[in-house]
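Structure, as structure tokens:
Values quoted throughout were computed directly from the atomic coordinates according to the rules given, and no laboratory measurement underlies them. A quick note: this is a predicted structure, and the numbers were derived from the prediction, not measured. Quick reminder, even Gly has a Cβ in these numbers, built from the backbone with ideal geometry, and neighbours come from all protein chains shown.
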Amino acid sequence: MHRVLIIGAGGVGNVVAHKCAAEPSVFGEILLASRTKSKCDAIALSIQKKYNRTIQTAAVDADNVPELVALIQSFQPAIVINVALPYQDLTIMDACLETKVHYLDTANYEPREVAKFEYKWQWAYQERFKQAGIMAVLGCGFDPGVTNIFTARAAKHFFDEIHYLDIVDCNAGNHGKAFATNFNPEINIREITQNGRYYENGLWIETKPLEIHQPVNYPEIGPRESYLLYHEELESLVIHFPTLKRARFWMTFSENYLTHLRVLQNVGMTSIQPVKYKGIEIIPIEFLKALLPDPSSLAENYTGQTSIGCQIRGIKDGKPRTYFIYNNCDHAACYQEVGAQGVSYTTGVPAMLGALMVLTGKWSGAGVWNVEQFDPDPFLDLLGKYGLPWHEILDYKLDFD
Ligand code: NDP
């Protein structure tokens, strides 16, 4: 039995807290801390009703290292699960180093002033984590996270060399709102409106935002227009699987979503540059976030499925081979189980399971790790049990040449 500190009480924090609470033999005591304590208390109440289990709650400013250190020292967790925002990754890693506690997150660090995600800031902690004898597990949501682990499974069991990787991410759900994002709007819009990028023959190729698109056939959903985006797992995957000749990431967007986004962009509402309004400096995208629905509020009436997977081409025993591995997740079933929509659920379950891997010793070793560096088997053996069953097809007819 271990103590776990979860930081962040948004859509994903809600799922992580529920899932940890449902596994008391591993997560013996739980503290959920976030900027707004009332959000932690609401989640704690739901857990009390559902599992008859009491979890502790606290307010914390995760931008403030001394405050984090004091909280960690008073609760003494075995691991900190960071499901606040990417802006807080480094401060939480600093606090973990100071207190010698394992760290896990689901999204890589982003500086507030530039919409840019790269692992370099977090990889720079490698030696310090090694010396402290603790682990930092980076990007353990679905994508990044399960998609990295799916790729590791393909490489371990089905290929001698993987050559072409296309990660395909579809949300075919309907929340009934005119425009909303499925996770933190600020982080989501920053991700989508930046240039696309993919890896080919040792080079990174830049595209205009959403410039390249094509239909992809998703299981149980059918063909959906999918747009090439840069996504952070590509950076670590091409390093850890150096046989890759090409690695790309695709995501679906509806015409309605893209039209709203285009208009918001055209009028400057997605900008991260401060503007003066009535003598006060505001950042348009932060203001927009205040207007848009809270992603967790979408859960109640959400219908349809998400489908995320990896289409892979490579060689085995000298012969070409294709492979597809994926999970489909139903929004309404997630709401039924933990009061969440599918995007929060598919992120929160792997975060809980990654922490379980660390606490049960299935994943070990001091240092900073991306999840594809661990053995994928124990994680994938349990992923279905915890709510995300996955499927694989050999000799799959890929959507890509
Ligand atoms: P939300 O915006 O719903 O929740 C974020 C939470 O973090 C809120 O409770 C917020 O508090 C809290 N928070 C923000 N700043 C601070 C701070 N300085 N100190 C303490 N708490 C803070 O986001 P989501 O739950 O949708 O997403 C959480 C994380 O998951 C994000 O990093 C996101 O990028 C990542 N993600 C990863 C995915 C993956 O597959 N890998 C997919 C989807 C999301 P308050 O309520 O007071 O604002």
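Structure data summary
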{"quantity": "Ascending count of other beta-carbon atoms within 10 Å, so fewest first, for Phe179, Phe129", "calculated": "Phe179, Phe129"}
{"quantity": "Cα Rg, Dmax (largest Cα-Cα span) when computed across region 2-138, Å", "calculated": "14.4, 44"}
{"quantity": "Overall form of the chain per C-alpha gyration tensor (a/c, 1.5; a/b vs b/c)", "calculated": "rounded"}
{"quantity": "Gln194 paired with Phe400, simple spin-label distance in nm, labels 7 Å along Cα-to-beta-carbon", "calculated": "1.9"}
{"quantity": "Ordering of 227-237, 315-325, 145-155 by packing [mean C-beta count within 10 Å, highest first]", "calculated": "145-155, 227-237, 315-325"}
{"quantity": "Cα centroid of region 50-116 to Cα centroid of region 150-192, whole Å", "calculated": "24"}
{"quantity": "Over the chain, relative contact order from alpha-carbon pairs under 8 Å, at least 6 apart, %", "calculated": "20"}
{"quantity": "Burial order of peptide ranges 328-337, 118-127, 254-263 (average beta-carbon count within 10 Å, highest first)", "calculated": "328-337, 118-127, 254-263"}
{"quantity": "Positive-end extreme of charge dipole, the chain - chosen from Val101, Ile167, Phe253 (charges on Cβ)", "calculated": "Val101"}
{"quantity": "Net charge dipole size for region 291-401 [Lys, Arg +1 and Asp, Glu -1 on Cβ; Debye, nearest 20]", "calculated": "280"}
{"quantity": "Three-way shape label, region 293-401, alpha-carbon gyration tensor, a/c 1.5", "calculated": "oblate"}
{"quantity": "Label point distance in nm, Ile280-Thr207, each placed 7 Å from Cα along Cα→Cβ", "calculated": "4.0"}
{"quantity": "Helix-only mean residue ellipticity at 222 nm for the chain, each DSSP H run of n ≥ 4 adding -39500 (n - 2.57), per residue, nearest 500", "calculated": "-10500 deg cm²/dmol"}
{"quantity": "Most to least packed among 215-222, 391-398, 80-87 [average Cβ atoms within 10 Å]", "calculated": "80-87, 215-222, 391-398"}
{"quantity": "Computed E for Ser46/Glu220 - FRET, C-beta separation, R0 25 angstrom, nearest 0.05", "calculated": "0.30"}
{"quantity": "Separation of the Ala59 and Ser74 label points, Cα + 7 Å toward Cβ, nm", "calculated": "1.2"}
{"quantity": "Alpha-carbon gyration tensor eigenvalues x 5, square-rooted, for region 133-271, Å", "calculated": "28, 17, 16"}
{"quantity": "Mean separation of Cα contacts under 8 Å, 6 or more apart, over the residue count of region 2-138: relative contact order %", "calculated": "22"}
{"quantity": "DSSP-defined beta bridges in the chain - what % are antiparallel, rounded to 5", "calculated": "60"}
